[in-house]
Amino acid sequence: MAGVFAQWQPHYAEKRIATFPVGADKKPCIKNWNKIGLKGSERLVEQFPSTNALGFPLGPRSGVTLLDLDTKDAGLLDDIQSRYGRSPFKVETGGGYHLYYQYGGERRHIRPWGPDIPVDVLGGGYAVAPPSVATKGQYAIIHGTLDDLNNLPPLHVMLDQLRRPIATGKRNTSVFRVGLEQALHSDDFESLLDVMRTRNMDCEIPLPDSEVEKAARSAWRYEREGRNLVGRGRAIVISHGLLDRLIAANQDAFILLTVLKRHHWGRDFVLSKNMADTLGWGLRRWKSARDTLVRFGIISCIHAGGMGPNDPPIYAWSDTVEWGVNV
C-alpha cells in the first residue's frame, strides 16, 4: 500500500509545490531537499513508496510562510489570526497548529513576540505537510483545501527584524542564546534541540548540525545545573571559590558584597557609614565587612571624602579577574 508521500506528492505538485519524503521524526529523508524541483519530487516517489510523511520548502520556492503555534490553545489561535490576518488553510499538528500565508520576504524567527507567546514565524527552511503522520500525531487539515495554497493572504503587520538573516559571525552566539532562552520552556533535550535547529535556519549559512547539537547540550546542561540565568531577570553572580573564601573570612562581608552588587555593579559608588543603619548593623560590624572587601581586592577607595558634610567616600570595583586569590 502506498504511503502518504506517494499518495499526496501529485496533489501538491498540481499546486506547483515540490515535496520530499520526511521521516516520523520530522527530518527529511534526503539531502539537498531545498533544491528539489517538481520532476525530482516525482522521482522520489519510486524511492520512498511507503513513507508516511512529506515536507516542502518554505519561502520563495513554495510561496508559503507559516505561523507555527506550539500550543492547542484555541484562544491564542483566534487572537493571532485577529492580529495578523485570517488564514484560509489551517493544519492541526501533534502539538499545535500551522497557519498558512503568502510568502512576503519573512524569515524564520523563533518566538518573535516573546518567550511567553509560543508562536514562530517560518518563512524559510521546510514544513511538514498534511496529512503526514509523525511521532507526535498526524498533521490534519482543519480548514480549507489544497486549492487555497495558490491564493493565500499575506501575513499582516510583519516586523522588519523578521526579514533579516543572522550574519555568519553571529551564528554561534545567536543559536546558543536561543538555547538558553528556550531551555526554560523545554520539557526535554529533544524539544530544545528542535527549537535550536529551527533557529539555525535563520543563518545566512547554517551551522553544521553537529555544532547545533553541541550548543544545545551545553544550554541544556546550564539549565539542569541551575546556571541558566537567561529569561529569569537580573541576577547576582559570585564564583563558588570567592563565596567559600568570604564566608570563611567574614560572613558580613559576603552580605555586603551582594548588596553592593545588587545596587551598584558596574559603576563607582558612595560607601559611607550611613549604610550601617540601613543594614541594621553597628558601625564596627559594618567597617569590618567593608575592610574585608577592600582586603580581598574586591573594592577600593578612590576618594576618601571628609571635606564636608556633602563629600562622602567613593569606592570602585576592582579590575582583578579573580578576587581574593592571594588572601
query: Looking only at residues in segment 197-223 that are in contact with a Gly (Cβ under 8 Å, 6 or more places away or on another chain) and modelled with pLDDT of 85 or more, which one is nearest to Ala127 (Cα to Cα)?
result: Ala216
query: Does segment 23-38 contain any residue that is in contact with a Cys (Cβ under 9 Å, 6 or more places away or on another chain), crowded, with 22+ Cβ neighbours inside 10 Å and either farther than 26 Å from Asp120 by Cα or in contact (Cβ under 8 Å) with a residue 24 or more places away in the chain (or both)?
result: no
task: Give just the number: which of (1) outside any loop (DSSP other than H, G, I, E, B); (2) modelled with pLDDT under 80; (3) of a type in the set (Gly, Ala, Ser) does Gly226 not satisfy?
output: (1)
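Does Ala13 satisfy being more than 30 Å from the chain's Cα centre (by Cα), among the small types (Gly, Ala, Ser), over 24 Å from Asp209 (Cα atoms) and assigned by TED's automatic domain parsing to the domain that holds Tyr126?
On the way: more than 30 Å from the chain's Cα centre (by Cα): yes; among the small types (Gly, Ala, Ser): yes; over 24 Å from Asp209 (Cα atoms): yes; assigned by TED's automatic domain parsing to the domain that holds Tyr126: yes.
Spelling it out, Ala13 is indeed more than 30 Å from the chain's Cα centre (by Cα), among the small types (Gly, Ala, Ser), over 24 Å from Asp209 (Cα atoms) and assigned by TED's automatic domain parsing to the domain that holds Tyr126.
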- request: Enumerate the helices (runs of 4 or more DSSP H) found wholly within segment 229-303, keeping only those where 2 or more residues are more than 34 Å from the chain's Cα centre (by Cα) and small (Gly, Ala, Ser).
  value: 240-249, 283-295
task: Evaluate the following for Gly85: is it in the same structural domain as His109 (by TED's automatic domain parsing), surrounded by 15 or more Cβ atoms within 10 Å (Cβ to Cβ) and at pLDDT 95 or above?
output: no
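Residue-by-condition table, conditions (1) within 24 Å of Pro309 (Cβ to Cβ); (2) touching a Pro at 6+ places or on another chain (Cβ under 9 Å); (3) surrounded by 12 or more Cβ atoms within 10 Å (Cβ to Cβ):
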{"residue": "His240", "(1), (2), (3)": "no, no, no"}
{"residue": "Leu246", "(1), (2), (3)": "no, no, yes"}
{"residue": "Ala249", "(1), (2), (3)": "no, no, yes"}
{"residue": "Lys261", "(1), (2), (3)": "no, no, yes"}
{"residue": "Gly266", "(1), (2), (3)": "no, no, no"}
{"residue": "Phe269", "(1), (2), (3)": "yes, no, yes"}
{"residue": "Met275", "(1), (2), (3)": "yes, no, yes"}
{"residue": "Leu279", "(1), (2), (3)": "yes, no, yes"}
{"residue": "Trp286", "(1), (2), (3)": "yes, no, yes"}
task: Those residues that are surrounded by fewer than 22 Cβ atoms within 10 Å (Cβ to Cβ), in contact with a strand residue (DSSP E or B) (Cβ under 7 Å, 6 or more places away or on another chain) and not in a strand (DSSP E or B), I need them from segment 90-109; list them, please.
output: Gly94, Gly96, Tyr103, Gly104
- prompt: Which members of segment 32-80 meet the condition of being more than 18 Å from Pro206 (Cβ to Cβ), assigned to a loop (DSSP other than H, G, I, E, B) and among the β-branched types (Val, Ile, Thr)?
  reply: Thr51, Thr71
statement: Checked against (1) under 20 Å from Gly59 (Cβ atoms); (2) assigned to a strand (DSSP E or B); (3) over 23 Å from the mean Cα position of the chain (by Cα), Ile142 satisfies every condition except (1)
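The values are calculated or read from the model by the stated rules, or taken from the named source; none is laboratory data. Please read these numbers as outputs of a predicted model, since none were measured by experiment. So basically every Cβ, Gly included, is an ideal-geometry build from the backbone, and we count neighbours across all protein chains shown.
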